[in-house]
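The values are calculated or read from the model by the stated rules, or taken from the named source; none is laboratory data. The shown structure was predicted, so the numbers you read here are calculated from the model rather than taken from an experiment. Glycine also receives a Cβ, built like all others from the backbone with ideal geometry; neighbour counts cover every protein chain displayed. Accessible surface areas use protein heavy atoms only, side chains included; no ligands, DNA or RNA. Shrake-Rupley method; radii C 1.70, N 1.55, O 1.52, S 1.80 Å.
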Amino acid sequence: MEDEPLLQSRRNVQRESVTSEDVPKRNVESIDLIANHNMKTDFTWKLALSMAACTLGSSFQFGYNTGIVNAPEKVLKQFYNETYYNRTGNIMSCDGEHPSHCNKLLFLWSITVALYAIGGMIGGFSAGNLANRWGRKKTLMLNNILMIVAVAVEFSSKYLKAYEVLIVGRLLIGINAGINTGIAPMYLSEISPISLRGLCGTFNQLCITLGVLVSTIMGLDSVLGTPDLWQYAFAFPLVLVVWQLVTLSFCPESPRFLFITKHSQEEAHKALVWLRDSENVDDEISEMIQEREAAKDMTKFTIGDLFNSEELRKPLFICIVMHLSQQLSGINAVIYYSTSIFESAGLSEKGAQFATLATGAVNSSMTFVSALIMDKLGRRTLHLTGLGGMFIFSYILTLGQIYEQYDKHTWLGIICVVAVIGYIISFATGPGAIPWFFTAELFSQGPRSAAVSIGVVVNWAANAIVGITYPFLEKKIKAYSFVPFVVLLAIFWTYTLLKVPETKGRRIEEITAMFQTKRHVRYRQIRRNDSGDETE
């Protein structure tokens, strides 16, 4: 076996000699899967600007609009009731005299929450096609037009005295969020070097949690969560629209999109040089050349192709389960309804609002910690840790709520609050961020957009199911409403342990080779033969 320095020198020569002309003449897997190399990982201010421009104008908006209906829930229901009373002379109350009126209010509110998720499904389904047609950057910027329209509709509902208008606005802003959740992780994954991919992906989730936190602050009755001001809380996203339109215009398009989809090596090179703030980008160009050459043998991918090919079906199923593990964990039952959960646990209305604010702060803080350790500990480890913690704290929350029904001690309410905070910490550890960028890591450039679309649709569909069913679930079985999530978390943890691979530090070609039986064997052979003498 050769000494490592000599072997590394040989590998460097091999990489530097790769051009678009000679790749077809060589075995692509042999080039791709030779042992790991060190890539320049400087975190430049230009990469930071691109990340901030992308996420604050998209992921932050997603989190903000997810959480904005939480803290001011009672104020918005009051608006619904006033509108209903002006039309019919009746009030949608739950005083026991008119149960149908109570069910109507519950139905209208669950629709308000759930249509945001249904809009997300629509936007998510179209995200892949839009990304390939217009590019990642341009799609993000054009999507701001839909945000402006949606905010205008939501804002006007107050003055039109029509809750239906607010519901339509939630649908439109959901479509905007669905597009953003598909495009933003893809853009971040494609502008980041290998060793920073986890950090960039987790920064996406950090901005989502910051959006939820800011929406909670805006929704407090001491800020904008009042009968006279709530519409301004819904208009706040316009500030981030201006931010993204200004800052993202200075940032480049995804180098991978430019090189592989648009076939513009010069533009891709310029984009990489700008992002890395260095002319030393040959390694990344070589990797994209390999991916493009491999893609030449593939037909244009559609969503159906992902189900027909065994090589793509395996990672697709993993992608689907990962997204389901995020949403069917019950996280949005907490995000959407944490204020009412805390009130049912015995807290006052103001105490419940501040407990919700605390959970948002904890979520953001832990997501920041997760961003720092994601590329050190790995995706699989953090996802398992997060799901396991969520299982434990969901179980504790359930027990706390059950006993609180029979014994109104304050300490039971405190246990419920602590359980929710522990649950949020566990979620932020891994399940909050990983599914969004994990899909982009499992697929090469060709099928990536289609796979991302499916993942986003599945995520939003599960989101909608939780948003619609949880209020009725909580009403029917009350303290036992988290039991289904406890069971599902146990299933998802087991699946992750048995089936989900680790992608930390691996190039896209290495990851996709893991799902191709012959190539996977070849990969293991090459890794064992350090001398580099392996031939076909």
Does G455 satisfy being touching a helix residue (DSSP H, G or I) at 6+ places or on another chain (Cβ under 9 Å), in contact (Cβ under 8 Å) with a residue 12 or more places away in the chain and either open to solvent by 10 Å² or more (accessible area, probe 1.4 Å) or more than 18 Å from I318 (Cα to Cα) (or both)? no
For L347, work out the one condition from (1) in a helix (DSSP H, G or I); (2) at pLDDT below 80; (3) surrounded by fewer than 22 Cβ atoms within 10 Å (Cβ to Cβ) it doesn't fulfil. (1)
For S189, state whether it is outside any helix (DSSP H, G or I) and either farther than 16 Å from K77 by Cα or touching a Cys at 6+ places or on another chain (Cβ under 9 Å) (or both). no
Contacts under 7 angstrom Cβ, first residue in segment 106-124 being aromatic (F, W, Y), partner in a helix (DSSP H, G or I), 6 or more apart: W109/K77; W109/P471; Y116/N65; Y116/R170; Y116/I173; Y116/G174
Could you say whether any residue in segment 134-156 is part of a helix (DSSP H, G or I), among the acidic types (D, E) and surrounded by 22 or more Cβ atoms within 10 Å (Cβ to Cβ)? yes
Take the residues of segment 61-93 that are at pLDDT 85 or above and not in a helix (DSSP H, G or I): which is surrounded by the fewest Cβ atoms within 10 Å (Cβ to Cβ)? V69
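Quick one: would you say F203 is surrounded by 24 or more Cβ atoms within 10 Å (Cβ to Cβ) and over 21 Å from the mean Cα position of the chain (by Cα)?
no
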Residues that are among the β-branched types (V, I, T): list the helices (runs of 4 or more DSSP H) wholly contained in segment 216-278 that include at least 2 such residues. 237-247
When you check I167 against the structure, is it assigned to a helix (DSSP H, G or I), without any contact (Cβ under 8 Å) to a residue 60 or more places away in the chain, of a type outside the set (S, T, N, Q) and more than 19 Å from A271 (Cβ to Cβ), yes or no? yes
So which residues in segment 440-456 are touching a Gly at 6+ places or on another chain (Cβ under 6 Å) and either among the aliphatic types (A, V, I, L, M) or within 19 Å of S192 (Cα to Cα) (or both), if there are any at all? S449, A450, V452, V456
Give the residue, chosen from I373, I402, I396, that is under 22 Å from K475 (Cβ atoms), β-branched (V, I, T) and open to solvent by 10 Å² or more (accessible area, probe 1.4 Å). I402
Considering only residues that are of a type in the set (F, W, Y) and open to solvent by 50 Å² or more (accessible area, probe 1.4 Å), look in segment 461-514 and name the one that is modelled with the highest pLDDT. W493
Of everything in segment 186-195, what is closer than 15 Å to K138 by Cα and either aliphatic (A, V, I, L, M) or in contact with a Gly (Cβ under 6 Å, 6 or more places away or on another chain) (or both)? Give them in sequence order. M186, L188, I191
Checking D228, D282 in turn, the sole residue that is under 30 Å from P72 (Cα atoms), open to solvent by 30 Å² or more (accessible area, probe 1.4 Å) and charged (D, E, K, R) turns out to be D228
